[in-house]
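Beneath this line is the structure, given in structure tokens, with notes to follow.
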Amino acid sequence: MGDEAATSAVVVVDTSTPSTVVTAGVDGVEIARFEHDGFHHLECIGDLVARSEQALIDRGVRLGAIGVVVGPGGFSGLRIGVSFASVFAFARQLPVVALSALELTARSVEPAIRNRFVVLDGQRSEVFYALYRADGDVVCELGRGHCPMEEILQHVDPSWLEEASPEWILFGSGVVRYRDRVPTAPWLVVGDPEDGLLRSRPWIAETFRLWGAGMVVDPEEVEVLYLRDADARANVASVLLESRERS
């Protein structure tokens, strides 16, 4: 077996939500996924990673990189997932691919939807948001930040966005939580995992994409994405206005 085949596999760790998810992939395709619901990241993450690696061993391949979701998400869950992945990668001398939960969510949408407004529940009445513009497989971020949900609702309404492109979807755990307060329009689709416009989060595909582009980090330099920092705050109105001007 050549070196290329031997290192064409990854394991991805996601503890950005109450669930712990560990996936294994070969050549960009997911071959195994293990999940544990509830806030038990510390208790189950080692077992899930071991089971994922065994799935790769059964395929005759070995790890070439570790992917880890670095946020946004709960503080304790993220620290457990990122710390575990960093130590694991350091011990194996593997590169780390840092994944954004916002972009993973954006890439879970059907390709035909161009404008993707991701709103993730940040607890404490706040949400993390990011706006993306998609053109086929290319997904570009236009802006991101965190704010109270009321600030999102102030600007996401049909009258303010009536000149924007109709190819819109507004979705994410924050939208699901506040769904009864989100306005709707014929072209403004409020999505959740049951709406059919969404697919599973592309952990493996995104890890291979970034890894192939050389976008990896040293295990000792993985940074957790906390959008509560003041300098990370963006203005929702300016982000949406920029999107309208680009349409």
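Remarks
- Note: region 1-129, Cα convex hull, 113 Å³ per residue.
- Along region 65-73 the Karplus relation, 6.51 cos²θ - 1.76 cosθ + 1.60 evaluated at θ = phi - 60°, assigns HN-Hα couplings of 6, 10, x, 8, 7, 9, x, x, x Hz to successive residues, with x for each Gly and Pro.
- Amide H contacts under 5 Å for I31: A24, G25, V26, restricted to partners 5 or more places along the chain or on a different chain, H placed in the peptide plane at 1.01 Å from N.
- E221-E167 FRET efficiency (beta carbon distance; Förster radius 35 Å; 0.05 resolution): 0.40
- Remark on G122: its backbone amide H falls under 5 Å from those of V127, F128, a criterion applied only to residues 5 or more positions apart or on other chains, H modelled at 1.01 Å from N.
- Highest-first packing order for the peptide set 28-37, 116-125 is 116-125, 28-37, based on the mean count of other beta carbon atoms within 10 Å.
FYI, it's all coordinate maths here, none of it is from the lab. These figures come from a predicted structure and were not determined experimentally. Reconstructed Cβ throughout: ideal geometry from the backbone, glycine too, with neighbour counts over all protein chains shown.
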